[in-house]
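Okay, so here's the structure we're looking at.
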Amino acid sequence: MRKIIVSLISLITLQASAQQADIQLPKGFAITNITKDKGRVRHIAVHNNGDLYLKLENLRYGKGILRLRDADKDGVYEDTLAFGNYIGTGIALHKNYLYASSNSAVFRYQLDAANNIINPDQPERVVYGLVDKRQHASKSIAIDPKGNLYVNIGAPSNVCQERDRMQGSKGMMPCPILDSAGGIWKFRADKLEQSYAEGVRYATGLRNVVGLDWNTEVNELFVTVHGRDMLYQHFPELYDAKAGAELPAETFYMVKQGDNVGWPYVYWDPFQNKKILSPEYGGDGKKEGAPDAIKPLVGFPGHLAPNALLFYTGNQFPEKYRNGAFIAFHGSWNRNPQVQEGFYVVFVPMKNGQPTGDWEIFADGFTGKGKVSNPRDAMHRPCGLAMGPDGSLYVSDDAKGYVWKISYSAK
């Protein structure tokens, strides 16, 4: 299932400062820390002039968005603008607007001809009234070339039980949460003051999507999904501790309008290569369910928390990376008694929207100490991804507020 192709890529360790981890990359790649100590940096965006936008999970001096600018192009971001009085995760650039989300709304800021934010203290509200019940509340966003805005509405639940995360509580059938959450909703990026009810439920059965991106090669939306918890803790008669750590898979899908991914009724078991009926709905660890739900493109080990997805469309990296998918794994918290996993960026080679080979770890070592038993022990936790105008890859960290730039040179 999990095939880490270390021998084929000749990992190198790059010497970093004492304040950050040594990040390991394939041969030919170099990494530069371009900023640090910026708070809990979630998703990021890079403008075609090189300006870097950071969305913050916690307000920093009362602001939730940072714009970093390298005005003299010497590689140092010396000009910082802070704006936006709300926390959140989602951020994206489309035409001459910057879009950013709180946990209940999406806003936009117009850019002038010099790429400066017009009225940074007076954003236009694009969508309001999105479900925010704290659990899985972040609103990740993506925008397609036609100006459709896709917003994740995470399910405020583990598996839609009558009593959430309580052992012995049955799953609700049908799950009432799916009417307003547990899916992707579509709006217009160019229309203001859209209510939640004006959106279209684009895809359903998605517990929580933090990573999503529009694939311009096939013109479809792709998502990464956080799988459910507590199989072993609630059903020790069906799952041992190892199975509880590895199941269910974290998953990667292409989703089209009207698709159903199957949450909460099923989860993806990568060992059996099947959609397994959740035990809260009568499953026994082997029985299949939800025959109409789509299958994932890739099933990763359980509980790694895929927090960002980026399709690489640049020309700087070698040809194997073209149109492939980078995924930032934030790292697990609930694989005990196994060690925690994730805390790295992986690559999935793809063509025409389909994987062409096994996934591999692309950037590793963010924990600063190898394996960790508690995510708080990790020095850094990858969270956001963006591609720069020169084809470099940017990676954010929401533990200590770092952002790195990864570049390639064949020399």
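The values are calculated or read from the model by the stated rules, or taken from the named source; none is laboratory data. Just so you know, these numbers come straight off a predicted model, no measurement behind them. Cβ sites come from the backbone with ideal geometry, for glycine too, and all protein chains shown count toward neighbours. Accessible surface is based on the protein model in full, side chains and every heavy atom, while ligands, DNA and RNA are left aside. Shrake-Rupley method; radii C 1.70, N 1.55, O 1.52, S 1.80 Å.
Taking every DSSP helix (H) stretch of at least 4 residues in the chain, weighting each as -39,500 (n - 2.57) and dividing the sum by the residue count yields a mean residue ellipticity at 222 nm of -500 deg cm²/dmol.
Once you have the Kirkwood Rh of region 73-213 from its Cα pairs, apply Stokes-Einstein at 25 °C and 0.890 mPa s and quote D in µm²/s. Approximately 150 µm²/s, per Stokes-Einstein.
Eigen-decomposition of the gyration tensor built on the alpha-carbon atoms of region 215-261 gives equivalent ellipsoid semi-axes of 32, 10, 6 angstrom, largest listed first. Heavy-atom accessible area, probed at 1.4 angstrom with all protein chains present, ranks TYR196, TYR99 as TYR196, TYR99, highest first.
The H on the amide N of GLU250, modeled in the peptide plane, is under 5 Å from the matching H of PHE300, GLY302, HIS303, LEU304, each at least 5 residues off or on a different chain. A simple count of charges around LYS63, restricted to other residues whose Cβ falls under 12 Å of its Cβ and scoring Lys, Arg +1 and Asp, Glu -1, yields +3.
Each Cα pair under 8 Å and six or more residues apart adds its separation to the average, and for region 332-411 the resulting relative contact order is 21 percent. By the rule of a C-alpha distance below 20 Å, with chain neighbours fewer than 8 residues away ignored, the aspartates and glutamates paired with LYS371 are ASP22, GLU246, GLU250, GLU341, GLU360, ASP397, ASP398. Packing, as the average of other Cβ atoms within 10 Å across residues, places the peptides 282-292, 260-270, 341-351 in the order 260-270, 341-351, 282-292, highest first.
Using a probe of 1.4 Å on the protein chains alone, the accessible area found for ARG207 is around 10 Å². Here the Kirkwood formula puts the hydrodynamic radius of the chain at 21.5 Å, using every distinct Cα pair. Each peptide among 143-150, 300-307 gets the average number of other Cβ atoms lying within 10 Å of its residues, and from highest to lowest they stand as 300-307, 143-150. Working from Cα pairs under 8 Å separated by at least six residues, relative contact order for region 243-335 is 30 percent.
Summary of packing: across the peptides 177-190, 112-125, the per-residue average of other C-beta atoms within 10 Å ranks them, highest first, as 177-190, 112-125.
Computed extension gain for LYS95 through ASN352, at 0.36 nm per residue and net of the alpha carbon distance, reaches 90.0 nm.
Let me have the relative contact order for region 23-160, percent, based on Cα pairs under 8 Å that are six or more residues apart.
Values: 277 pairs, mean separation 20.8, N = 138.
Worked out over region 23-160, it gives 15 percent.
Loop-located trypsin sites (Lys or Arg not before Pro) across region 357-409 with a Cβ neighbour count of 15 or fewer within 10 Å are LYS369, LYS371, with loop assigned by DSSP. Placing +1 on the Cβ of every Lys and Arg and -1 on the Cβ of every Asp and Glu, with nothing else charged, gives region 160-277 a dipole about its Cα centre of roughly 240 debye. Summarising the label geometry, the points placed 7 Å from Cα in the beta-carbon direction at ASP284 and SER169 lie 2.7 nm from one another. Annotation: extensible slack from LEU59 through GLU217 equals 53.2 nm (criterion: 0.36 nm per residue apart, minus Cα-Cα distance).
Annotation: region 301-364 has a Kirkwood hydrodynamic radius of 12.5 angstrom, from the mean reciprocal C-alpha pair distance.
Below 14 angstrom from the Cβ of HIS380, what's the summed charge of the other residues (Lys, Arg +1; Asp, Glu -1)? With Lys, Arg at +1 and Asp, Glu at -1, the neighbours total +2.
Taken over the Cα atoms of region 34-84, the convex hull encloses 73 Å³ per residue. Placing a label point 7 Å from the Cα of ASN33 along the Cα-to-Cβ line, the residues of region 60-84 whose backbone N sits under 16 Å from it are 76-77. Note on region 363-411: along the principal axes its Cα atoms extend 37, 23, 11 Å, ordered by decreasing extent.
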